1. I'd like to know if segment 115-130 contains one or more residues that are modelled with pLDDT of 80 or more and not small (Gly, Ala, Ser).
2. For segment 42-66, name all the residues that are β-branched (Val, Ile, Thr) and over 16 Å from the mean Cα position of the chain (by Cα).
3. Here is a check on your reading of the model: is residue 204 open to solvent by less than 50 Å² (accessible area, probe 1.4 Å) and of a type in the set (Asp, Glu)?
4. Only one of 50, 60, 9, 33 is of a type in the set (Phe, Trp, Tyr) and touching a Pro at 6+ places or on another chain (Cβ under 8 Å). Can you tell me which?
5. Would you pick out the residues in segment 61-100 that are among the aliphatic types (A, V, I, L, M), outside any strand (DSSP E or B), out of contact with any helix residue (DSSP H, G or I) (no Cβ under 9 Å at 6 or more places or on another chain) and modelled with pLDDT of 85 or more?
6. Considering (1) in contact with a helix residue (DSSP H, G or I) (Cβ under 9 Å, 6 or more places away or on another chain); (2) open to solvent by 60 Å² or more (accessible area, probe 1.4 Å); (3) assigned to a strand (DSSP E or B), say which one residue 58 fails and leave the rest.
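The values are calculated or read from the model by the stated rules, or taken from the named source; none is laboratory data. What you see is a predicted model; the values in this text were computed from it and never measured. A quick note on method: Cβ atoms are made from the backbone with ideal geometry, for glycine too, and the neighbour counts reach across all protein chains shown. These accessible areas exclude ligands, DNA and RNA; they are computed on the full protein's heavy atoms, side chains included. Shrake-Rupley method; radii C 1.70, N 1.55, O 1.52, S 1.80 Å.
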Amino acid sequence: MDPYDILKYIPLFEGLPPKHIDALAGCAIQKNYSSGQTIFTDTQEDRALYFIVWGRVKIYKASVDGREQTIFLFGPGEPFCLTALSDEFSPASAMALEDTRILMFPAEVLEDVARKEPSLLFNMLLVMSRRLKESLVLIEALSLKEIPQRLASFLVHSQKQKRDPDVFDPGFSHRELAKILGATPETLSRVLKKLSIEGILSVEGRKITIHDHAALKELTRGS
């Protein structure tokens, strides 16, 4: 699909005149990444905005001893690295969780369009405000909640916009899910087994089926 046809349906670029969408489309660089491939690290100088055409990407921080904390998960239609206009380095690293196609926009072109069209800055502000809220929720979960509560909160939040609220299929392994929750794979496995025994959910491969939404929501509060 032509970049212009993709961009005109993206909420981030809503309200932009066709000439500015055409300018962005003209400078867009399409890249494909295989599952597990690094897109960029927090040590690379890279002033660009990324947009996912298809696939899934995780944004994460890694410690010197190899531990990881996943901060965000992004899917088709979502932009990331919104700090491109202000920072030379990304505050975190990015990796493809499955085969992924990305559009990359140089920061210089974004800056030029933003000066002419404040609607782009407003749309970016809305996206960043939502990301800030999600970051605060993550900080609260990691600092104040135990692993069962973190899992319950993640499942409840993830299923709000899904067509089938009973089935959670993340598209990635439980090992990756453990990184999101700030847990070890072994701890997550024990929690999933316990909740399965209690009849709240069941697990088949990477798929999690929720049987008792009320109990899951109650668990988010620590009950």
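1. yes
2. Pass one, segment 42-66, residues β-branched (Val, Ile, Thr): 43, 52-53, 57, 59, 64.
If the condition is that a residue be β-branched (Val, Ile, Thr) and over 16 Å from the mean Cα position of the chain (by Cα), then 43, 64 are the ones that fit.
3. Details: open to solvent by less than 50 Å² (accessible area, probe 1.4 Å): no; of a type in the set (Asp, Glu): yes.
Against the criterion (open to solvent by less than 50 Å² (accessible area, probe 1.4 Å) and of a type in the set (Asp, Glu)), residue 204 does not qualify.
4. On the way: 60 fails: touching a Pro at 6+ places or on another chain (Cβ under 8 Å); 9 fails: touching a Pro at 6+ places or on another chain (Cβ under 8 Å); 33 fails: touching a Pro at 6+ places or on another chain (Cβ under 8 Å).
None of the other options fit; the residue is 50.
5. Of everything in segment 61-100, just one residue is among the aliphatic types (A, V, I, L, M), outside any strand (DSSP E or B), out of contact with any helix residue (DSSP H, G or I) (no Cβ under 9 Å at 6 or more places or on another chain) and modelled with pLDDT of 85 or more, namely 92.
6. (2)
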